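Enquirer: Before anything else, here's the structure in question.
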Amino acid sequence: MSSSHSYYYDESLYDETDQKIPETDASAQKKEVKTAKTGEDKVVEFVIGTQGFAVDLFETKEVINSPEITPIPNTPGYIRGMTNLRGVITTVIDLQAFLSVKETGTTGEVKKKERVIILDPSICHKAVGIVVDDVRSVQNYREDEIDLNDRAGERYQLGVIKKQTKTTDDRTRSELVILLDIKGIIDKIKDEL
């Protein structure tokens, strides 16, 4: 048995001011909808060295275990190499090297958890992933929990998240998580990709 679908388009319902939003602005559309509904920003939190970082959830596509990465000759030290991700050649950037973040003393344990965050195609028109030591979680933060006044152009910061967590003995612990401008980072190195 076959089924057929028909769609009806009524021109009288179309407003001339309606415009098709370009596909490359998909993450911006999602972010506007998200902010309007909840008033919160969704971020992917991760660790490099001992420092917590975050990027906007809608600027990411997925998180994968660190795959086999093939080095690329004659590239800057922050380009780890490339990998074949389900048939798509993906350039992998080492954020620790790019941001000059100091390594921790226990490299064996940290490197076991190494992950690659694959960026949304709206960020770069090429498949790109960023290597991080570990991915913590996806978190929601209210606007008052993110200090956007701590912008620093060459440091690629959009702001600082003031995070409060409970310890095992039920005490409150404060932590600062740097909200990265991943678009700014990719714009800076796009010619190297």
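Every number in this text was worked out from the coordinates using simple rules, so none of it is lab data. Computed from a prediction, not measured in an experiment: that's the story for all the values here. Here Cβ is always computed from backbone atoms with ideal geometry, including for glycine, and neighbour counts include all displayed protein chains.
Enquirer: Which net charge results for the neighbourhood of Glu175, defined as the other residues with beta-carbon distances under 14 angstrom from its beta-carbon, given Lys and Arg at +1 and Asp and Glu at -1?
Expert: Working: positive: Arg136, Lys162, Lys163, Lys166, Arg171, Arg173; negative: Glu45, Glu145, Asp147.
For residues surrounding Glu175, the net value is +3.
Enquirer: Turning to a different aspect of this structure: Taking every pair of alpha-carbon atoms in region 43-193, give the share separated by more than 23 Å as a whole percent. Walk me through the numbers on the way to the answer.
Expert: Numbers: 4084 of 11325 pairs.
Tail of P(r) above 23 Å: 36 percent of Cα pairs.
Enquirer: Step through the residues of region 161-176 one at a time and calculate ³J(HN,Hα) from phi using the Karplus curve (6.51 cos²θ - 1.76 cosθ + 1.60, θ = phi - 60°), rounding each to whole Hz and writing x for Gly and Pro.
Expert: Along region 161-176, the couplings run 8, 8, 9, 10, 10, 9, 8, 5, 8, 6, 9, 8, 10, 9, 9, 9 Hz.
Enquirer: Let me ask another. Whose amide H sits under 5 Å from the amide H of Gln157, counting only residues 5 or more places off or on another chain, with H placed in the peptide plane?
Expert: Close amide H contacts, sequence-distant or interchain: Ala152, Asp181.
Enquirer: In addition: What percentage of all Cα-Cα pairs in region 117-193 are separated by more than 22 Å? Let's see the in-between values first.
Expert: Working: 1116 of 2926 pairs.
Summing the P(r) tail past 22 Å for region 117-193 gives 38 percent.
Enquirer: Using a 7 Å offset from the Cα along the Cα-to-Cβ direction at both His125 and Glu103, what is the distance between the two label points in nm, to one decimal?
Expert: In this crude spin-label approximation the distance works out to 3.7 nm.
Enquirer: Put a dot 7 Å past each Cα toward the Cβ at Asp191 and Ile72; how far apart are the dots in nm?
Expert: Between Ile72 and Asp191, the label points sit 1.5 nm apart.
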